[in-house]
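**Q** Take a look at this one; I'll ask things after.
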Amino acid sequence: MILAPNRIPWPPILFGVAAIAAVGLGVVLPGPEWLRAPIWAALGWAVLLAGLALDIAAMVTMSRQRANILPHRAATALVTNGPFAWSRNPIYLGNTLAMTGAALAFANPWFLPAALVAALAVTQLAIRREEAHLAARFGAAWDAYSRQTARWFGR
């Protein structure tokens with residue numbers, strides 16, 4: 001029996017706490033005035049929506065393959081197509097992009113370090129454990145996939 005990679009669903013907790021911290025810091029120490037220009041907001045919304053679109057595309061891909069989406073439950077399928085063909089973690093990448101876009105969309109630069117800290121924490125507390133779990137569960141198929149597809153982005 002292959003156990004779950006985690007007992008706690010770290011990714012949504014970490015990204016959620018990071019976003020709340022960014023909002024709080026933005027209230028106490030707001031971003032510079034130049035960041036409120038409409039061009040930055042438009043760019044920010046584009047990146048934020050791209051991140052959300054990546055999240056949704058990855059979730060739909062997992063659903064179609066009947067793969068478990070909960071990060072603290074055992075994997076039920078190795079998904080390697082769709083967004084997973086160019087990122088082993090497209091949902092976490094989408095969350096990071098959404099937070100990066102939020103920095104510009106809401107003129108709150110605190111979202112940038114918050115996104116970085118969340119991504120680093122997710123790598124340590126979730127991704128590394130998930131990768132060990134996937135290696136144990138899917139063996140050679142995981143090894144081949146992990147050699148051809150980068151953890152965050154690229155082939």
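The values are calculated or read from the model by the stated rules, or taken from the named source; none is laboratory data. In this text, all values refer to a predicted model and were calculated from it rather than measured experimentally. We place every Cβ from the backbone using ideal geometry, glycine too, and count neighbours over all the protein chains shown. Ligands, DNA and RNA are excluded from the accessible area calculation, which covers all protein heavy atoms including side chains. Shrake-Rupley method; radii C 1.70, N 1.55, O 1.52, S 1.80 Å.
**Q** What nm value, rounded to one decimal, do you get for the distance between VAL60 and ARG73 when each label is placed 7 Å out toward the C-beta?
**A** Taking the simple label geometry, VAL60 and ARG73 are separated by 2.1 nm.
**Q** Under 8 Å for C-alpha pairs, at least 6 residues apart: give me the relative contact order for the chain, rounded to a whole percent.
**A** 37 percent
**Q** Could you pull out every whole DSSP H run in the chain that spans at least 24 Å of Cα extent along its own axis and averages -0.5 or higher on the Kyte-Doolittle scale?
**A** Flagged H segments are 10-28, 38-64.
**Q** Provide the per-residue ³J(HN,Hα) series for segment 67-76, in order, calculated from phi with Karplus coefficients 6.51, -1.76, 1.60 and θ = phi - 60°, each as a whole number of Hz, with x at glycine and proline positions.
**A** Once θ is set to phi - 60°, the couplings for segment 67-76 become 8, 5, 9, 6, x, 10, 10, 5, 5, 10 Hz.
**Q** Hey, got a sec? Which trypsin sites (Lys or Arg not before Pro) in segment 71-144 land in a DSSP loop and have at most 16 other Cβ atoms within 10 Å?
**A** The qualifying sites are ARG73.
**Q** How big is the Rg/Rh ratio for segment 5-72, C-alpha atoms only, Rh by Kirkwood, two decimals?
**A** 1.11
**Q** Evaluate the Debye formula for segment 28-155 with equal point scatterers sitting on the alpha carbons, no solvent, and hand back log10 of I(q)/I(0) at q = 0.16, 0.18 Å⁻¹, in q order, two decimals.
**A** Computed log10 I(q)/I(0) values: -0.80, -0.95.
**Q** If you don't mind, there's one more thing I want to ask. Provide the per residue accessible area, probe 1.4 Å, for the chain, rounded to a whole number of square angstrom.
**A** 55 Å²
**Q** Sticking with this one: Which value in deg cm²/dmol, rounded to the nearest 500, describes the helix-derived mean residue ellipticity at 222 nm for the chain, given -39,500 (n - 2.57) per DSSP H run of n ≥ 4 and division by the residue count?
**A** After summing the helix terms and dividing by the residues of the chain, the value is -21000 deg cm²/dmol.
**Q** For a protection proxy built on the mean count of beta-carbon atoms within 10 angstrom, sort 3-9, 110-116, 41-47 highest first, please.
**A** Final packing ranking: 110-116, 41-47, 3-9.
**Q** Also, quick follow-up: Would you list the P(r) distribution for segment 85-141, with all Cα-Cα distances sorted into 5 Å bins from 0 and each bin expressed as a whole %?
**A** Calculated over all Cα pairs of segment 85-141, the distribution is 5, 18, 21, 20, 15, 10, 6, 4, 2, 0 percent.
**Q** State the percentage of accessible surface on segment 3-155 attributable to carbon and sulfur atoms; use a 1.4 Å probe and exclude ligands, DNA and RNA.
**A** Carbon and sulfur: 70 percent of the exposed surface of segment 3-155.
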